[in-house]
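Values in this text are rule-based calculations from the coordinates and carry no lab data. Computed from a prediction, not measured in an experiment: that's the story for all the values here. Here the Cβ is made from the backbone with ideal geometry for all residues, glycine too, and neighbour counts use every protein chain on show.
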Amino acid sequence: MASLNSCDFSNLNDISINSSLPLCQRSFFELLMDLELPHEIAEAYKSRKIETLYEWQDECLSDKRLLDGENFILSLPTSAGKTLVAEILMLRETLVLKRNCIMIVPFVAIVQELVLSLSKFEHNFDICKANVLINSLIDPASRLSSNIGLVIVDELHMLGDGFRGAHLEMCLTKLLRKINPQIVGMSATLSNLPELQRFLGDAHVFTTEFRPIELKQLFKVGSSLCSVETEKEEVDLGSKRNPEDPDGIFLLLNPILNERSIIIFCSSKEYCQNTCRLITRNIHQKQGLLSPFRFNSRGEVTCRSCIQDLTAEERLHVEAAFKEGVIRVICSTSTLAAGVNLPCRRVIIRTPYVGRARLTKGKYLQMIGRAGRAGLDRRGESIVMLKEAERIWFMEMVKGPMEACNSSLEDAYLLEAFYLDLIALKVCQSIEDLGDTMLNSTLYGIQKKDDVFFQLNAILDRLREKEMITVKNSSQLLPTLKGSATFNANLNPNRGIVFFSCFHLIFIVIPLDVQLNFSARIRRASPLKSMGITKSDIGRQVGKDYQPDKKSEKLRVYIALMLHQLWNEKTLWDVSKMFDVSRGWIQNMLQFLFLITGNLHTCRSYKRFAEKIPSLWPLKILLPEFLRKLTSCSCQELVSLMAIDYVKQSRAQLLYNQGFKTVQSIAETEPGFLVKALNGHLNHYETKQRIH
């Protein structure tokens with residue numbers, strides 16, 4: 001038995017990269033040559049310090065079945081190197097086989113990371129929702145579908161994640177039935193592999209327990225730090241406690257805080273905020289770590305306690321600072337475990353809960369998987385803080401089986417949209433086709449065969465009642481004009497019905513500011529009161545992450561008032577103060593309106609809907625300009641810079657970050673100084689053209 005001071009986590013600090021790691025015997029260059037990839041690819045990887053592969057990667061990339069285009073599931077631990085295999089497969093598909101690839105990822109944050117890495121190719125790529133892209137490829141009028149050779153699905157276990165999982169299942173089913181490309185799914189947390197294999201067309205499974213960095217798993221009960229593997233005590237943290245820190249979290253931070261990064265997972269946003277305040281009040285940070293933060297009047301550091309309250313740009317700065325070691329500790333909810341690639345030395349889970357629900361094994365493995373990443377650290381550690389009463393079920397969870405990945409495609413509204421997609425795309429042209437697709441090509445049908453038969457006719461009847469489809473000769477399925485428009489707009493059939501009325505066009509063209517001083521009235525909340533909306537109604541909704549649902553109709557009015565202020569070129573800062581909500585909350589709300597690239601997805605959907613309905617011709621004409629101006633609401637500070645020829649959003653952001661915030665500031669700058677400030681992103685000739 002040892003005290004914290006005497007052992008200083010020596011058991012943990014002795015962890016290092018296994019000297020007998022199973023590395024590939026042949027060189028990385030030889031492998032790429034065998035795959036017929038050009039020499040430049042090897043040089044590019046060499047510049048990233050990747051010159052050899054692990055044995056499992058070489059074995060996988062040498063598998064004839066994989067190279068012949070058969071479907072695969074890669075089920076491996078976090079940090080095993082799945083992403084590198086996916087990259088090489090996509091390079092081979094595009095450069096050697098001359099076919100296109102699609103990569104499907106589940107979270108906006110991951111997409112943003114990809115966009116950032118590809119930002120210099122702004123004019124040559126785009127990001128869109130997978131369902132919209134796949135629908136456009138499968139559309140009979142499209143000529144691109146036959147050129148899709150490979151689809152990579154990251155985080156395949158997200159099939160069981162509610163609404164997001166249902167849409168992923170829809171996408172994969174349509175791909176398998178119509179285009180039939182090679183599909184490679186990747187995940188670290190899968191259990192019911194036979195069902196998933198059948199769903200993906202008898203896919204092969206490649207699995208291993210290999211992890212390049214050893215991960216030491218511990219749990220804390222009282223003053224004892226115990227091994228998850230043996231359940232024996234390894235460190236006695238001592239009985240002394242800081243009154244402000246009864247759980248003893250500082251004892252878990254201090255040994256490595258000055259040298260390594262730590263992520264603390266909390267069960268709720270409020271718990272994150274309280275933990276962050278606790279840490280900033282009690283930990284004496286180095287002066288070098290304080291520079292990125294603002295100071296209050298007493299000279300104390302003020303800290304952002306929850307990453308969800310930050311704008312996307314602010315989050316990028318926080319993430320970059322964390323990766324560079326400027327910020328040592330991040331407190332987050334479980335979303336960060338899968339949504340952002342932030343590796344660290346130590347993961348601390350303050351409570352074994354996500355919200356009020358008990359931590360599942362899948363979530364647990366995702367969280368601790370942040371610790372100890374190959375190429376970034378030499379070891380990894382995870383610590384779960386438990387009460388004595390939680391110890392038994394926690395150990396049962398850790399040592400028990402992984403929870404099954406079950407289909408989320410059971411909601412009637414989702415099934416309506418899915419059936420309409422299949423019929424409009426001519427994937428299914430008869431009731432028999434639809435039944436066969438649902439039974440044999442969906443995870444839902446494989447897992448719940450009886451439910452498919454029960455719901456099939458009921459869903460078709462509802463679509464007929466809503467005039468979305470017609471049935472000819474008792475079995476032939478055809479979309480109606482309304483159904484085609486709803487599909488074209490990627491709307492749910494229920495939204496399509498509502499929008500079919502011209503009342504919405506009238507609503508759009510009525511000015512919102514007729515004889516009303518909104519800024520004054522908002523503060524008194526009289527417009528809201530006259531509509532039967534109280535401040536408490538708004539407060540209950542604004543306190544949450546923005547999620548559009550049936551309970552948020554009153555919030556929609558409040559959001560409309562916010563959007564009106566942004567329309568009138570108020571900044572996020574101004575609107576945040578006016579409505580007393582965080583900038584991050586406003587931007588999160590706008591993400592449900594805007595795609596990653598800044599385009600208003602809802603407006604584009606309505607425009608596509610109007611293209612199919614002759615009577616809505618005015619909407620087709622009005623919306624493009626409406627879309628253009630509303631798009632600029634998401635980046636007000638860049639609008640004036642984007643008015644310069646050939647200056648798009650990413651370049652405008654670069655100029656803005658370098659201090660060029662107006663057109664005049666650029667016009668008054670010497671070309672040479674501007675070239676230097678932009679670090680070579682523009683040559684001297686281009687810079688001179690912009691200035692003149």
Task: Dipole moment magnitude, nearest 20 debye, the stretch 28-207 about Cα centre, only Lys, Arg, Asp, Glu C-beta charged - done: 600
Open item on the list: Can you give the FRET efficiency to the nearest 0.05 for D436 and T470, using r as the Cβ-Cβ distance and R₀ = 30 Å?
Closed with: 0.90
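Calculate the all-directions average of the projected area of the stretch 211-266's alpha-carbon convex hull, and give it in nm².
Values: hull surface 20.7 nm².
The directionally averaged projection comes out at 5.2 nm².
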TODO: Could you pull the Rg and Dmax for the stretch 28-207, using just the Cα atoms, both in Å?
DONE: 16.2, 45
Open item on the list: Please give the charge dipole size of the stretch 312-433, origin at the Cα centre, charges +1 on K and R Cβ atoms and -1 on D and E Cβ atoms. Round to the nearest 20 debye.
Closed with: 1080
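Provide, as a two-decimal number, the C-alpha radius of gyration of the stretch 412-500 over 2.2 N^0.38 Å, N being how many residues it has.
Numbers: Rg = 12.2 Å, N = 89, 2.2 N^0.38 = 12.1 Å.
The value comes to 1.01.
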Task: the stretch 86-97 - phi-based ³J(HN,Hα) in whole Hz, Karplus 6.51/-1.76/1.60, Gly and Pro as x - done: 4, 4, 5, 4, 5, 4, 5, 5, 7, 8, 9, 8
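So how strong a dipole does the stretch 188-289 carry about its Cα centre when Lys and Arg Cβ are +1 and Asp and Glu Cβ are -1, to the nearest 20 debye? Could you put the intermediate results ahead of the total?
Working: 12 positive and 14 negative charges, 101 e Å.
It comes to approximately 480 debye.
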Task: Listed pairs K482/K607; K98/K426; K174/K426; K64/K361; K426/K612 exceeding 22 Å between Cα atoms - done: K98/K426; K64/K361
TODO: Would you order I50, I41, I392, I263 from fewest to most other beta-carbon atoms within 10 Å of each residue's own beta-carbon?
DONE: I392, I50, I41, I263
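To the nearest 0.05, how large is the calculated FRET efficiency for E314 and E30 if R₀ is 45 Å and r is the Cβ-Cβ distance? Mind showing how you got there, number by number?
Numbers: r = 45 Å, r/R0 = 1.00.
About 0.50, to the nearest 0.05.
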TODO: Give the residue from G238, P255, V221 lying farthest towards the positive end of the charge dipole for the stretch 215-280; charges sit on Cβ (+1 for Lys and Arg, -1 for Asp and Glu) and the dipole is referred to the Cα centre.
DONE: P255
Open item on the list: Once you keep just the Cα pairs under 8 angstrom separated by 6 or more residues, what percentage relative contact order results for the stretch 28-207?
Closed with: 31
